[in-house]
Amino acid sequence: MLKNRGLRVTILKLDPYLNVDPGTMSPLEHGEVFVTMDGSETDLDLGHYERFLNQDFTILSNVTAGQIYNELLDKERMGSEFLGETVQVVPHLVSAVARRIKKLGESEDADVVIVEVAARSATWRRRRLSRRCVGCETWRDAKTRFQYILTLVPLLKPTNELKTKPTQHSVRALRALGIQPDAILCRLNDPTDSEEEAESLKDKISLHCGVPRDAIIYLPTLGNVYAVPGWLEKQGLAEVIMDRLGFERRDPVVPPVWKALADKPNLANDGEVSIAIVGKYTSLQDSYLSVVEALRHAELNQGIRIDLEWTPSELIEENGADRYLSKAQGIVVPGGFDKRGTEGMIQTAQYAREREIPYLGLCLGLQMMIIEFARHVAGIEEADSTEFDAAASEPVIALMEEQKNVTEIGGTMRLGAYSCVLTPGTRAEKHNGTFKINERHRHRFEYNNAYRDRLERLGLLSSGMNPELSLVEIAEISDHPFMLGSQFHPEFRSRPEQPHPLFDLFVRYARQFRPDGTQHQLFASAVSVGS
């Protein structure tokens with residue numbers, strides 16, 4: 001909303017955990033690890049920030065307690081600061097957080113820095129940040145701040161009554177800590193909750209919480225997260241913020257795609273497409289959040305509705321692919337680490353190849369596609385990855401040379417943006433519209449170049465290469481309508497305004513696939529680009 005009013009906006013996520021970053025956490029513990037262009041492993045919220053604001057962020061936009069403690073302890077040990085002092089949470093730690101906020105605002109010349117304080121952060125941190133970090137010590141001697149809290153307004157089912165007591169108690173507790181919110185966003189669990197009743201409760205909340213009535217905003221559960229900005233606009237939140245921060249009110253310029261996004265449930269007028277996501281971490285769908293959003297961007301672009309089928313790869317190992325994938329029009333195998341569930345992914349790749357189902361492999365999904373092709377097309381029965389078997393006799397996937405002397409796990413993978421030159425005439429090149437792209441990576445293992453010529457002669461094309469290291473970035477099967485994998489993570493660069501070409505192309509092919517064999521002309525006329 002602020003960016004649509006011409007303000008320069010940046011955003012910062014404060015996380016309370018002692019990990020330096022989420023890179024060593026299991027996705028089942030934390031959700032997706034989002035990788036920025038500069039190679040930072042960050043909280044998945046940064047993916048939301050990039051998609052909503054359509055701008056790239058850096059390591060400066062995610063601060064963890066672990067980073068701050070590391071910084072302070074390093075300085076204390078070096079003796080560069082604090083010599084003779086007792087290093088404490090207050091003032092040293094909170095001052096370090098304040099410096100990070102200031103550094104981000106100055107580095108991006110921002111009019112507004114939005115700071116999201118994770119829900120589990122200590123209350124002292126909220127208090128000290130609100131007093132110290134947004135006052136005169138921040139960049140440009142900022143004199144204004146805007147604080148809001150998010151509270152739940154539950155519906156008491158037996159009486160069908162919305163209750164404001166949780167909100168009142170939350171504000172009272174914050175006031176005891178010196179925090180007075182400028183606005184309250186009241187979450188309604190059920191979108192069918194009475195809006196008329198909700199409006200009538202604003203007076204009560206305003207009276208008991210000391211917040212102006214126009215700064216009390218009701219936010220029900222909407223069917224589409226991209227509809228939230230439009231809803232908040234209608235509720236007048238933007239004007240409240242602009243007034244509080246001292247900016248002149250102005251009309252927003254909303255990109256047309258966002259108007260379409262808000263109406264997305266009504267746009268699916270061209271049928272449904274069934275897409276299976278086969279992975280290791282499907283029990284927590286946030287593990288693949290950017291993958292889902294990239295598919296949604298393609299969905300919007302093509303005016304269809306995608307029905308996602310979440311399939312644990314271990315079940316395919318146990319029961320076979322046909323039981324779970326017989327109705328799929330497209331299959332995505334996303335990234336992951338370690339051996340668990342990988343044989344199910346290999347079976348998935350074989351199933352997609354033999355039945356000509358559109359297949360998109362991401363990072364590990366590319367590697368599984370290559371292993372499957374090596375085993376069942378090239379006849380290399382022992383083909384494997386040294387990630388799963390360090391002594392593999394046929395390591396078609398192997399540890400990168402630069403990784404062989406790495407002794408620490410955290411922050412040492414091939415991370416961030418690397419260039420990729422596309423091979424002329426391949427699907428990857430024809431549908432990207434350019435010969436060179438830059439994409440984000442997060443991996444240690446790579447397609448072993450020693451096997452490239454042998455597999456390429458059989459139809460596994462290396463359709464994208466990193467020119468500096470001569471590493472395969474994209475591979476595709478020439479005689480399959482669409483079976484393609486990327487070593488990079490295209491999902492991290494997909495935006496509502498511009499769906500990533502690989503996802504958009506994958507969905508176009510999936511739309512035309514029919515499990516009963518009655519394929520669309522797009523499939524019937526698919527050209528073997530490698531023949």
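See the values below:
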{"item": "Residue that is surrounded by the fewest Cβ atoms within 10 Å (Cβ to Cβ) [pool: residues in the range 183-221 that are modelled with pLDDT of 90 or more and assigned to a loop (DSSP other than H, G, I, E, B)]", "result": "Gly210"}
{"item": "Sole exception among (1) open to solvent by 30 Å² or more (accessible area, probe 1.4 Å); (2) touching a Leu at 6+ places or on another chain (Cβ under 9 Å) for Glu106, by number", "result": "(2)"}
{"item": "Every residue from the range 17-55 that is open to solvent by less than 30 Å² (accessible area, probe 1.4 Å), of a type in the set (A, V, I, L, M) and part of a helix (DSSP H, G or I)", "result": "Leu46"}
{"item": "Out of Glu50, Glu81, Glu41, sole residue that is over 18 Å from Val20 (Cα atoms) and in contact (Cβ under 8 Å) with a residue 24 or more places away in the chain", "result": "Glu50"}
{"item": "Scan of the range 109-119 for residues that are within 10 Å of Thr10 (Cβ to Cβ), among the charged types (D, E, K, R) and open to solvent by 60 Å² or more (accessible area, probe 1.4 Å), ordered by number", "result": "Asp109"}
{"item": "Single match in Ile397, Ile331, Ile370, Ile357 (criterion: open to solvent by less than 10 Å² (accessible area, probe 1.4 Å) and under 30 Å from Asp263 (Cβ atoms))", "result": "Ile331"}
{"item": "Any hit, the range 312-330, residues being under 25 Å from Met400 (Cβ atoms), small (Gly, Ala, Ser) and modelled with pLDDT of 95 or more", "result": "yes"}
{"item": "Any hit, the range 400-409, residues being open to solvent by 30 Å² or more (accessible area, probe 1.4 Å) and at pLDDT 90 or above", "result": "no"}
{"item": "Hey, Gly84 at pLDDT below 95, on the phi < 0 side of the Ramachandran plot and either touching a strand residue (DSSP E or B) at 6+ places or on another chain (Cβ under 6 Å) or not charged (D, E, K, R) (or both) or not", "result": "no"}
{"item": "Residue match in the range 318-327 (condition: assigned to a loop (DSSP other than H, G, I, E, B), without any contact (Cβ under 8 Å) to a residue 40 or more places away in the chain, at positive phi and surrounded by fewer than 23 Cβ atoms within 10 Å (Cβ to Cβ))", "result": "yes"}
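Residue-wise test of (1) part of a helix (DSSP H, G or I); (2) modelled with pLDDT under 70; (3) surrounded by fewer than 20 Cβ atoms within 10 Å (Cβ to Cβ).
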site: Asp479; (1), (2), (3): no, no, yes
site: Gly485; (1), (2), (3): no, no, no
site: Glu491; (1), (2), (3): yes, no, no
site: Leu505; (1), (2), (3): yes, no, no
site: Tyr509; (1), (2), (3): yes, no, no
site: Arg514; (1), (2), (3): no, no, yes
site: Gln519; (1), (2), (3): no, yes, yes
site: Ser531; (1), (2), (3): no, yes, yes
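Let's see how each residue does on (1) at pLDDT 85 or above; (2) more than 30 Å from Gln88 (Cβ to Cβ); (3) small (Gly, Ala, Ser):
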| residue | (1), (2), (3) |
| --- | --- |
| Arg127 | no, no, no |
| Ser130 | no, no, yes |
| Cys133 | no, no, no |
| Thr144 | no, no, no |
| Ile149 | no, no, no |
| Leu156 | no, yes, no |
| Pro166 | yes, yes, no |
| Val171 | yes, no, no |
| Leu174 | yes, no, no |
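The values are calculated or read from the model by the stated rules, or taken from the named source; none is laboratory data. Every value quoted in this text rests on a predicted model; they were computed, and no experiment measured them. Cβ atoms come from the backbone with ideal geometry, glycine included; neighbour counts cover every protein chain shown. When the accessible area is computed, the model is the full protein with side chains, heavy atoms only, and any ligands, DNA or RNA have been set aside. Shrake-Rupley method; radii C 1.70, N 1.55, O 1.52, S 1.80 Å.
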